[in-house]
Amino acid sequence: MLILSSQYIISSPDYTLCPAADRPEYAFIGRSNVGKSSLINMLSNNQQLAKTSNSPGKTQMINHFDVRSATKEGAKPDNWYIVDLPGYGFAKVSQTQRAKWEKMIENYFKKRPNLVNVFVLIDSRHTPQQIDLDFINRMGAWEVPFSLVFTKADKETQLLVSRHVKEFLNRMRETWEFLPPHVVTSAVKKTGREKLLQLIDGMNSEWELRSRQL
């Protein structure tokens with residue numbers, strides 16, 4: 001997949017205020033400070049697209065970015081959305097604000113009709129964190145399709161990253177019969193970028209096929 005252009009569209013406090021649901025949409029979420037903005041910028045090949053910050057909790061609304069891509073040079077372009085969601089975990093906000101975010105995200109997941117897939121980001125530097133496992137189990141309860149993206153693979157040795165990924169998947173096997181797709185990434189080295197774009201390209205094709213059948 002070739003990224004032709006990407007641009008910020010709007011930040012919405014509720015799913016009802018999001019842009020028209022006229023194209024496939026891919027949401028990105030993870031624990032605060034997991035490297036979400038850096039991953040989105042790497043994926044879109046636009047370092048200015050999502051605002052990066054060392055302060056957890058920077059993202060506070062449902063942020064839409066319009067992406068225009070093509071399967072190959074000269075092919076018919078596809079338009080789709082990247083959605084940057086607030087992180088969960090350790091942002092320094094009040095319990096009231098945290099509860100408001102959680103409800104906003106739950107409503108978005110359950111009611112946004114064009115949401116194709118959620119990419120749940122996991123920090124590959126750490127052993128399995130219960131907060132990530134709990135969130136994934138909630139995704140299962142809500143019946144939301146998702147994939148796992150292990151971030152910051154350049155920050156540790158390949159051996160340690162592989163061990164942490166294996167441990168995380170093994171923890172999931174304790175409660176999950178089937179595991180979702182997973183990709184190991186580094187925003188710095190652009191590791192995993194092509195695999196993520198291939199996943200999205202395949203989902204875009206499925207979306208277009210279903211749209212023709214309706």
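The values are calculated or read from the model by the stated rules, or taken from the named source; none is laboratory data. It should be emphasised that the depicted structure is a prediction, and the values quoted were computed from it without experimental measurement. For neighbour counting, all protein chains shown are included, and Cβ atoms are generated from backbone atoms with ideal geometry for every residue, glycine included.
Provide a single number: the residues in segment 91-121 that are of a type in the set (V, I, T) and touching a residue at least 60 places away in the same chain (Cβ under 8 Å).
So the count comes out to 4.
Test P128 against the criterion of being outside any helix (DSSP H, G or I), loosely packed, with under 13 Cβ neighbours inside 10 Å and at negative phi, and give yes or no.
For P128, the condition - outside any helix (DSSP H, G or I), loosely packed, with under 13 Cβ neighbours inside 10 Å and at negative phi - is not met.
Quick test of your reading of the structure: L121 fulfils all but one of (1) assigned to a strand (DSSP E or B); (2) over 18 Å from N41 (Cβ atoms); (3) hydrophobic (A, V, I, L, M, F, W, C); (4) in contact with a helix residue (DSSP H, G or I) (Cβ under 7 Å, 6 or more places away or on another chain). Name the failing condition by number.
Every condition holds for L121 apart from (2).
Could you please find all residues in segment 165-201 being on the phi > 0 side of the Ramachandran plot and of a type in the set (G, A, S)?
Listed by number, the list holds a single entry, G192.
In the set V183, V149, which member is under 20 Å from I82 (Cβ atoms), touching a His at 6+ places or on another chain (Cβ under 9 Å) and part of a strand (DSSP E or B)?
The match here is V149.
Of everything in segment 197-214 that's over 19 Å from the mean Cα position of the chain (by Cα) and of a type in the set (A, V, I, L, M, F, W, C), which residue is nearest to N45 (Cα to Cα)?
Ranking the qualifying residues of segment 197-214, first place goes to L209.
Please name all residue pairs, on different chains or six or more residues apart, with Cβ atoms under 9 Å, provided the first residue is in segment 4-20 and is over 15 Å from K100 (Cα atoms) and the second residue is among the small types (G, A, S) and part of a strand (DSSP E or B).
L4/S69; L4/A70; S5/S69; S6/S69; C18/S12; P19/S12
Would it be correct to say that T191 is at pLDDT 95 or above, touching a strand residue (DSSP E or B) at 6+ places or on another chain (Cβ under 6 Å) and not basic (K, R)?
no
Identify, please: which residue in segment 41-70 is under 21 Å from M1 (Cβ atoms) and in contact with an Asp or Glu (Cβ under 6 Å, 6 or more places away or on another chain) and is, among those, modelled with the highest pLDDT?
In this case the residue turns out to be S69.
Would it be correct to say that E174 is over 30 Å from T71 (Cα atoms), in contact (Cβ under 8 Å) with a residue 12 or more places away in the chain and not β-branched (V, I, T)?
For E174, the condition - over 30 Å from T71 (Cα atoms), in contact (Cβ under 8 Å) with a residue 12 or more places away in the chain and not β-branched (V, I, T) - is not met.
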